[in-house]
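The values are calculated or read from the model by the stated rules, or taken from the named source; none is laboratory data. Keep in mind the model is a prediction, meaning the values are calculated, not measured. A quick note on method: Cβ atoms are made from the backbone with ideal geometry, for glycine too, and the neighbour counts reach across all protein chains shown. Surface accessibility is based on the protein's heavy atoms, side chains included, excluding ligands, DNA and RNA. Shrake-Rupley method; radii C 1.70, N 1.55, O 1.52, S 1.80 Å.
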Amino acid sequence: MPIRTKNKRKVWMTSGVILASALLFYAFIFVNDKPGGLADWRMSRYMGLNGIIQIPLGKTPEDAVQQFRNYPSMQVIHREPVDGGILLFIKRFYQKDGKDLQVEYARKTWLGWKWGWGGGYGIGGSLQTKAALNYMSIPEVEGILTPFPIVFGDVLNPSINKVTVEIKGKDTGNYEAKLTDLNIENRIWFVLLPSADYTSFEIKGFNAEGKLIAYKTVSDLRDSGSIDLSD
């Protein structure tokens, strides 16, 4: 057999293998990320649902979250890029005399954007009179790839200049939160924690001079609430 014929056959065989691999890869992506696919099946098992949740695909992270949550209104006040997608910090305006804050993870897929996990809180205005910080904790989602755990909240007192979260348990560590620069009257803070084995954490708020002016120890890893200024 001529060498040229052999080379052509090798080229065709190689091209066929590449094409077949690409088709298999796309087929897996489609089966995994389509609404009601394998990723949604895993999410449904974690949530304890009997059926399979149908998480829609969106053209943008905001579109994906809105389609899944169906919020009557939402304002994205901060976007934080993370591995695999983006975190959206959202105000929903259902607390006219208080504070509300939602964080939603939207992940990027080959088919579009999909909601990946999230949560939020709403706290009435009567509880905010002496409060320095609001907070909420969302722990790691077992078996599902997300950027969590996260601790986040509103900065309620303009004296707060720095926030830290110290985790305690088998693994320990002290992490400084990121404070957004929205404005002095409407700031948020958050810290993405490592996937560590911890049983509690302590939130601390400091003023510009480095003085500790607010703190709280939290043992419920799904807790939310307010932290008052220290006397």
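A few notes on this one:
- Qualifying positions in segment 148-183 - open to solvent by 40 Å² or more (accessible area, probe 1.4 Å) and among the charged types (D, E, K, R): Lys162, Glu166, Lys168, Lys170, Asp171, Glu176, Lys178, Asp181
- Residues located in segment 148-187, provided they are in a loop (DSSP other than H, G, I, E, B), under 21 Å from Val82 (Cα atoms) and either of a type outside the set (Gly, Ala, Ser) or out of contact with any strand residue (DSSP E or B) (no Cβ under 6 Å at 6 or more places or on another chain) (or both): Phe148, Pro149, Thr180, Asp181, Leu182
- Being modelled with pLDDT under 95 and small (Gly, Ala, Ser) holds for only one residue in Gly84, Gly58, and it is Gly84.
- Among the residues of segment 156-178, those that are modelled with pLDDT under 95 and within 20 Å of Gln102 (Cα to Cα) comprise Leu156, Asn157.
- In segment 188-205, the condition of being assigned to a strand (DSSP E or B), of a type in the set (Ser, Thr, Tyr) and open to solvent by 40 Å² or more (accessible area, probe 1.4 Å) is met by no residue.
- Gly143 being surrounded by fewer than 23 Cβ atoms within 10 Å (Cβ to Cβ), not charged (D, E, K, R) and not in a strand (DSSP E or B): yes
- Of the listed requirements (1) among the hydroxyl-bearing types (Ser, Thr, Tyr); (2) assigned to a strand (DSSP E or B); (3) open to solvent by less than 70 Å² (accessible area, probe 1.4 Å); (4) more than 25 Å from Gly85 (Cα to Cα), Thr217 misses just one: (3).
- Residues that are without any contact (Cβ under 8 Å) to a residue 40 or more places away in the chain and under 15 Å from the mean Cα position of the chain (by Cα) were ranked within segment 67-84; the one that is least open to solvent (accessible area, probe 1.4 Å) is Val76.
- A count restricted to segment 147-177 and to residues that are out of contact with any Lys or Arg (no Cβ under 6 Å at 6 or more places or on another chain) and farther than 17 Å from Asp197 by Cβ stands at 13.
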